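Structure first, then comments.
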Amino acid sequence: MKFLVLLLCALGVANVSGADLERGKILYSQICFNCHGPKLEGGQGPSLIDTYWQHGSSPEAILKVIDKGVPGSPMIAYESVLPESDRIALRDFILSGQEGLRETVRSIYPREYFKGRQFTPELFDSVESESQTSLPENHYYMERNAEGVMRGTSKLYLKEAGKYRFSIRPIGRTSIFLDGKEVLYSDQKTDKKTHVNEAFELEPGIYGLQIFHEEKKTHSYRFHCVLEKEGGKPRFLLNGRSLQGNIPKIIKARPGEALIVRKWIQDLPPRALLCLLPNQVIVAYNPGDGSVLGAWHSAEINQTPSLPDRSAKPSEIKGTPISNTGSAAALTGITRFLRYQIQGDTVHLVSLVDGEEKTVAISPEGAQSFNLTVK
Ligand code: HEC
């Protein structure tokens, strides 16, 4: 707890005491955890500890969402529900859970200005940028055929003390400054001996990070950078793909109409077909052998967006497992899966069995079950 307080003091969040964080934690577990998960990991509402922040990751932006809510979403405004001190305690509790880059801003500068000059924060301060974008993904990326020199600024939240080092792919030239000190410098065109790549001790806290990077105008932006703690974890990838509108999404069937999705779900084979029935029952079907792999009621799929760190994480089925899924193997002697079809609330899965077409039909039954027939 002492360290959390330190962290928040470093942020300039005034007078955060252990008691306030404790208050935030209690409120969170009473009001927010149902939607944002017991460990802030997300559920019906988005994760509050991953790198993607749709409404901004700054203390001000987080407080604003808590105060005003997100109109048209289940996230209501808490302004009229909780006193200000409680809303601030909640924000500070959320901030205390952060790790990695936050408040990431990418600015693009005209290339000519930097020719033959060393990258320093001062040099960038001395010229106007052509564009400035706040990146909700909290990592760096550029559009295709991007033109110009990039300056990236973010806050680095660290929870673990240790010796860290930036590791980059040496393309073009790159300088990285941590709290105003250059810790990495690399230029493809110069002698490697002039390069800098320092390992440095860091305590838990919040640091100011600046990345300056230039590479040839190419089809793809290939800047690649990882911040690594010596001896393994944690490891922070500083670049990634843009999500561009790919926001955290919950998948459900539409009323009256079944839906089939293929998603990577933990503990299910990748070929599993997920049949989402309109009564919120999900049946995982294995087209390989015609078996039902599992079924859940009151269920939905929590699909995380394809951020590098998120896409490394499988989607999840949230719901209550249905213990008796009927026949474990609906079809025997299956030779080939042919196709699926949706007809209203029913899913038809067609396979070739001993040279003959067989159809498994899965449809909703009651509020918490499904019916499976083979024809
Ligand atoms: C009924 C479910 C629900 C509850 C309860 C709830 N939230 Fe949310 N929250 C959401 C949803 C859904 C969103 C996403 C809204 C959107 O962007 O469409 C969200 C968004 C947010 C965000 C913005 C996240 C981002 O990516 O920018 C914050 C911060 C947040 N909630 C904090 C809280 C706090 C603090 C509480 C408790 C006081 C709380 N929420 C309670 C559903 C909920």
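Would you confirm whether any residue within segment 65-72 is loosely packed, with under 13 Cβ neighbours inside 10 Å, under 23 Å from the mean Cα position of the chain (by Cα) and not in a helix (DSSP H, G or I)?
The answer is yes; a qualifying residue exists.
Can you tell me which of (1) within 12 Å of the ligand (Cβ to nearest atom); (2) at pLDDT 95 or above; (3) within 23 Å of PRO234 (Cα to Cα) is the one TYR78 doesn't meet?
Here TYR78 clears every test but (3).
Mind telling me which of the residues LYS163, LYS233, LYS155 ends up being assigned by TED's automatic domain parsing to the domain that holds PHE124, within 13 Å of LEU101 (Cβ to Cβ) and in a strand (DSSP E or B)?
Testing whether each residue is assigned by TED's automatic domain parsing to the domain that holds PHE124, within 13 Å of LEU101 (Cβ to Cβ) and in a strand (DSSP E or B) leaves just LYS155.
Need the failing condition index for ARG117 against (1) outside any helix (DSSP H, G or I); (2) touching a residue at least 12 places away in the same chain (Cβ under 8 Å); (3) more than 8 Å from the ligand (Cβ to nearest atom), just the number.
(2)
What is the residue count in segment 49-62 for residues that are under 17 Å from the mean Cα position of the chain (by Cα) and more than 9 Å from the ligand (Cβ to nearest atom)?
Of the residues in that region, 3 qualify.
Assuming VAL261 fulfils every condition listed in (1) within 25 Å of the chain's Cα centre (by Cα); (2) surrounded by 18 or more Cβ atoms within 10 Å (Cβ to Cβ); (3) among the β-branched types (Val, Ile, Thr) apart from one, which condition is it?
(2)
From the residues in segment 25-48 that are more than 8 Å from the ligand (Cβ to nearest atom) and touching a strand residue (DSSP E or B) at 6+ places or on another chain (Cβ under 9 Å), which one is farthest from GLN98 (Cα to Cα)?
GLY43
Yes/no matrix, rows are residues, columns are (1) closer than 17 Å to LEU273 by Cβ; (2) touching a Lys or Arg at 6+ places or on another chain (Cβ under 6 Å); (3) in the same structural domain as SER298 (by TED's automatic domain parsing):
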position: ARG336; (1), (2), (3): yes, no, yes
position: ARG339; (1), (2), (3): yes, no, yes
position: ASP345; (1), (2), (3): yes, no, yes
position: VAL350; (1), (2), (3): yes, yes, yes
position: GLY355; (1), (2), (3): no, no, yes
position: LYS358; (1), (2), (3): yes, no, yes
position: SER363; (1), (2), (3): yes, no, yes
position: GLY366; (1), (2), (3): no, no, yes
position: PHE370; (1), (2), (3): yes, no, yes
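I'm told PHE212 meets every condition in (1) in contact with a Lys or Arg (Cβ under 8 Å, 6 or more places away or on another chain); (2) surrounded by fewer than 17 Cβ atoms within 10 Å (Cβ to Cβ) except one. Can you identify the failing condition by its number?
Only one criterion is unmet by PHE212, namely (2).
Quick test for you: out of SER167, SER107, pick the one residue that is under 14 Å from ILE211 (Cα atoms), in contact (Cβ under 8 Å) with a residue 60 or more places away in the chain and of a type in the set (Ser, Thr, Tyr).
It is SER167.
The values are calculated or read from the model by the stated rules, or taken from the named source; none is laboratory data. All values reported here derive from a predicted model rather than from experimental measurement. Neighbour counts run over all protein chains shown; Cβ positions are idealised from the backbone, glycine included.
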